[in-house]
Amino acid sequence: MCSNCDYTIHARQHHFGWDNSFEPVARVAPGSTIEFECLDSSAGQLTPDSTVEDVRTLDFGKINPVNGPVFVEGAEPGDALKITIDTFKPSGFGWTANIPGFGLLADDFKEPALTIWKYDPASLEPALFGSQGRVPLKPFAGTIGNAPAEDGHHSIVPPRRVGGNLDIRDLAAGTVLYLPVEVAGALFSVGDTHAAQGDGEVCGTAIESPMNTVLTLDLVKDARLKMPRFTTPGPVTRHLDAKGYEVTTGIGSDLMEGAKAAVSQMVDLLAGRYQIDPVDAYMLVSTCGDLRISEIVDMPNWVVSFYFPRCVFE
């Protein structure tokens, strides 16, 4: 428990999807600090003892639970909710899966696969990948958002202008996030915590890991914010930079096809160099490799690059 927190939102106080008719689990004043006991994105369906067969039988109606919603007093449409991300309290357990039909290279990897991770939640030393790899960790919440103005129940999967399944690795401790408010009270929720992720989360999952997070919720009145924005406390890739990167590219007139080409080439490179199964390489790069748009002005072709940190294997 957080001794300096005003509220705790417990693991059982979660929901699936977005709906502005959900009853809030707490009503808080602006400036309140809250601890959220977040579940992993499988809502506990995958455990340290899970096998690949459990991936086959996942209930997708229970994917990406988020804790909340929290009603922030005084929040009105047109305001911005200011979320100061204070700390994360990792669990030490995580998983990464290839889920058939999901992910950037779904057409290439059609069978389920699963990696179970164990890491030190206190030191956050890099998590072991097989006998050769060590993935640096950077905890964050993948899904963080307010309720949308549109009535009805909405899928948790796509990100939205009010936040949601953003999967932005840099929403880590110390970052300040601003989200548009579209309904009274904002109806804020958070979950889908990760121990590590590459920019792009290319296989569709990161190191999915249950953990607590402590956030402070405040208001910026009449901000008229159109989309989420955030401020980081400093450099964002120091946990990956030390040994440099291997980089592959995709070049063409379609950014999505370019991204697929860049990632596919990296999967082939790592699988061949380190003698690992291509699907394992695919899951690995999802946890720590970064997709970047390197060039988008020299029509008709654009350049997408995929950066893989050499520190994982060196």
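Worth pointing out:
- Order by protection proxy (mean Cβ within 10 Å, highest first), peptides 128-135, 74-81: 74-81, 128-135
- Phi-derived couplings, Karplus 6.51 cos²θ - 1.76 cosθ + 1.60 at θ = phi - 60°, listed residue by residue for the range 191-208: x, 6, 6, 10, 7, 6, 7, x, 5, x, 6, 5, 8, x, 9, 10, 8, 6 Hz, with x used for Gly and Pro.
- Average Cα contact separation per residue, the chain, under 8 Å, 6 or more apart, as relative contact order %: 23
- Cα shape, the range 223-268, gyration tensor, a/c 1.5 rule: oblate
- Rounded if a/c under 1.5, otherwise prolate or oblate - the range 55-195, Cα gyration tensor axes: oblate
- For Glu73, net neighbour charge (Lys/Arg +1, Asp/Glu -1) across residues whose Cβ lies under 12 Å away: -2
- Which of Asp241, Asp290 is most accessible, then next, and so on - probe 1.4 Å: Asp241, Asp290
- The largest accessible area among Cys5, Cys203 belongs to the first residue in Cys5, Cys203, and the rest follow in falling order (1.4 Å probe, all chains).
- Value in Å of the Kirkwood radius, where the chain supplies the Cα pairs that are averaged: 19.9
- For the chain, the per residue solvent-accessible surface stands at 42 Å², with DNA, RNA and ligands left out and a 1.4 Å probe.
- Using R0 = 51 Å, the C-beta based FRET efficiency linking Gln275 and Ser155 works out to 0.85.
- Surface accessible to a 1.4 Å probe, Phe306 within the full protein complex, Å²: 0
- Cα gyration tensor shape for the range 1-72, rounded if a/c is under 1.5, else prolate or oblate: oblate
- Distance from the alpha carbon centroid of the range 197-250 to that of the range 267-314 works out to 18 angstrom.
- Computed in the context of the full set of protein chains, the accessible area of the range 251-296 at 1.4 Å probe radius has 52% of its extent on carbon or sulfur.
- Residue-wise HN-Hα couplings along the range 293-310, as the Karplus relation 6.51 cos²θ - 1.76 cosθ + 1.60 with θ = phi - 60° gives them from phi, are 7, 7, 7, 9, 10, 8, 4, x, 10, 10, 10, 10, 10, 10, 9, 10, x, 5 Hz; Gly and Pro carry x.
- Estimated FRET transfer efficiency (Glu111, Phe60; beta-carbon r; R0 22 Å; 0.05): 0.80
- Length-normalised contact order of the range 192-284 in % [C-alpha pairs under 8 Å, at least 6 apart]: 20
- Accessible carbon and sulfur surface of the range 1-155 relative to its total accessible area, %, 1.4 Å: 50
- Rough spin-label spacing in nm, given labels placed 7 Å along Cα→Cβ, for Met227 and Ser50: 3.1
- For Val304, net neighbour charge (Lys/Arg +1, Asp/Glu -1) across residues whose Cβ lies under 14 Å away: -4
- Of interest is the spacing of the C-alpha centroids, which for the range 61-98 and the range 1-47 amounts to 7 Å.
- Cys with no candidate disulfide partner in the chain (beta-carbon separation under 4.7 Å rule): Cys38, Cys203, Cys288, Cys311
- In Å², nearest 10: area of Tyr245 left accessible to a 1.4 Å probe: 60
- Options Val202, Phe188, Met227, ranked by Cα towards positive dipole end of the range 183-233, top entry (Cβ charges): Met227
- Taking amide H positions as modeled 1.01 Å from N, with prolines and chain starts lacking one, the residues under 5 Å from Glu295 and 5 or more places away or on another chain are Val303.
The values are calculated or read from the model by the stated rules, or taken from the named source; none is laboratory data. Since this is a predicted model, take the numbers as computed values, not measurements. Counting neighbours? That spans all protein chains shown, and the Cβs are built from the backbone with ideal geometry, glycine included. These area figures cover heavy atoms from the full protein model, side chains too; ligands, DNA and RNA do not enter into them. Shrake-Rupley method; radii C 1.70, N 1.55, O 1.52, S 1.80 Å.
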